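Reading through the structure tokens given below for one structure.
FYI, it's all coordinate maths here, none of it is from the lab. Everything numeric here is computed off the predicted structure, so don't read it as measured data. Reconstructed Cβ throughout: ideal geometry from the backbone, glycine too, with neighbour counts over all protein chains shown.
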Amino acid sequence: MGGNDREDLKDDSHVSADSDVMIRLSHVDKVYRLGEIGYGTLRQDLQSWFAKRRGLPDPNSKIGRERLQSDESFLALNDVSLTVRERECLGVIGGNGAGKSTMLKLISRVTAPTAGEIDLYGRTTSMLEVGAGFHGEMTGRENAYLNGAILGMKKKEIDAVMDQIVDFSEVGEFIDTPVKRYSSGMYVRLAFAVAAHLESEIVVMDEVLAVGDVSFQRKCIQKMLKAAHEENRTILYVSHNMNTVRDLCDRCIVLDQGRIVFDGEVEKAISQYTERLLQNGGAQRDFTSYVRRNPNLTGICSIETISTSDNTARMNGSFEFETTIRATEARSDVSIRLIVSTPTGMIVGMTFSEPFDLDQGRTTLRVKFDVAPLTTGVYACDVVVVEYRNNAETRHDFIGKAVSFIVEENIRYFSRHWASAAWGNVKLAPITATKVGGNVVQKEW
């Protein structure tokens, strides 16, 4: 497939001037309404829609206010223009709320843009989250056939690749088991295998490799590289793991507040992302409208804001920030957990607070932790609100890469700067060197 049957594959009547263009976004905006979704009745929703089409005021809006004021809407994508060509592996990176998942949902036709045009020149398979597009009551095999049918493939075409899907997914003995019984790892293995082996010209992936183990991630990357370079597929890949972006992508864009702020080489894009991660970590961040993607969070205790007065720390020092947590009911034995990682997505370590009680309403906490084990460099923290009771853990809230900081050097080791890239991100305990038959000689550096 690919560029030979472009007129048949295209989703609308506009003809591309470039024969190798697979995806084109032209001045795309996406606005989400905050709060209410509709007025409650079909009649009122239709009235408002017809008024908007005719350029008239919304007859159902409150007096003196237009329904889509700035405080009632959120601009997820702002004037985004992008061209992706055949056989390109495009990485999409950015902080939380930058618009990455929104852009992929628009390209996958899950939702429609508020303004602008999106042209696709090929069939698209999407992996937007674990298990998306799978029916829990159907078996793995039945879901593979269902996804192929949605793409317009015939049964014999799916039959031809079914054995490859089963082998790649490594869930052979469970392929005829309802997928509702699958673990998250089995889900993502099968979902990736289906997307990679069914006939489509465009593959869209959103953080799906984060669930698989390291060996399976490597296997998926090799499969996608082969798909792009030998099967002429176009790949869009969103991830916070910069190592997989490096391995898979030959071009990368950085999104920030709904805009493309960089488009070019992967390493330069990662450098831009790191700088912005650090800049954004030094101010107050509001998470009241942040979309939580983990369905297992209770939401009883939710993070509303995180703020820092200084996002730098010294080696052997500490880093602190303030966070406001809103509890819908009083809770006890609550703890703050921090998962620290590098900008490339490598987890360095985890720490947590002693349990404390939360009253109903808002509580502001000052969080301080020791960075002595860390070497120089930029770090990001996932912030988790958990509760321990009866030897069980309940997750109330989780914000990935919620706060970032930089550790600066204040010591020297053998009169040299600490080479983080070569020596790692963790300082180990000092070595004790003992002369055989002599005394221990230990000096402070």
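Couplings 3J(HN,Hα) for region 230-246, derived from phi with the Karplus relation 6.51 cos²θ - 1.76 cosθ + 1.60 (θ = phi - 60°), are 10, 10, 6, 8, 10, 10, 10, 10, 9, 6, 8, 8, 5, 5, 5, 5, 4 Hz, where x marks Gly and Pro.
Ranked by how many other Cβ atoms sit within 10 Å of their own Cβ, fewest first, the residues Glu322, Glu173 fall in the order Glu173, Glu322. Here the spin labels are modelled as points 7 Å beyond Cα on the Cα-Cβ line, and at Glu393 and Ser26 they lie 5.0 nm apart. Gain on full extension, evaluated as 0.36 nm per residue between Glu231 and Ala429 minus their Cα-Cα distance, stands at 66.3 nm. Counting neighbouring beta carbons within 10 Å and listing from fewest to most, the residues Leu128, Leu236, Leu46 come out as Leu46, Leu128, Leu236.
Dipole of region 285-423 (Lys/Arg Cβ +1, Asp/Glu Cβ -1, origin at the Cα centre): which of Gly345, Val291, Val403 lies farthest to the positive side? With unit charges placed on the Cβ atoms, the residue in question is Gly345.
Net charge near Ala193, counting Lys/Arg +1 and Asp/Glu -1 over other residues with Cβ under 13 Å of its Cβ? Taking every other residue near Ala193 into account, the sum is +1. Rounded to whole Å and sorted largest first, what semi-axes of the equivalent ellipsoid does the C-alpha gyration tensor of region 74-221 yield via the square root of 5 times each eigenvalue? So the equivalent ellipsoid measures 28, 17, 14 Å along its semi-axes. Assign one of three labels to region 219-298, namely rounded, prolate or oblate, based on the Cα gyration tensor with a ≥ b ≥ c the square roots of its eigenvalues; rounded applies when a/c is under 1.5, prolate when it is not and a/b is larger than b/c, and oblate otherwise. Because a/c hits 1.5 or more and a/b fails to exceed b/c, region 219-298 counts as oblate. Taking 19 Å as the limit for the C-alpha separation, the pairs Lys100/Lys401; Lys226/Lys268; Lys30/Lys105; Lys155/Lys223 exceed it in the case of Lys226/Lys268; Lys155/Lys223. Binning all Cα-Cα separations of region 285-423 at 5 Å, short to long from zero, yields these whole-percent fractions: 2, 9, 19, 21, 18, 12, 9, 5, 3, 1, 0. Computed from the C-beta positions of Asp176 and Ser271, the FRET efficiency with R₀ = 30 Å rounds to 0.05. Counting other Cβ atoms within 10 Å as a rough exposure proxy, the listed residues Thr376, Thr298, Thr244 run Thr298, Thr376, Thr244 from fewest neighbours to most. Size descriptors for region 140-189, from the alpha-carbon set: Rg then Dmax equal 10.8, 29 Å. Beta bridges assigned by DSSP with both partners in region 284-407 are antiparallel in approximately 95 percent of cases. Fully extending the segment from Gln44 to Glu137 would add 29.8 nm, taking 0.36 nm per residue of separation and subtracting the current Cα-Cα distance.
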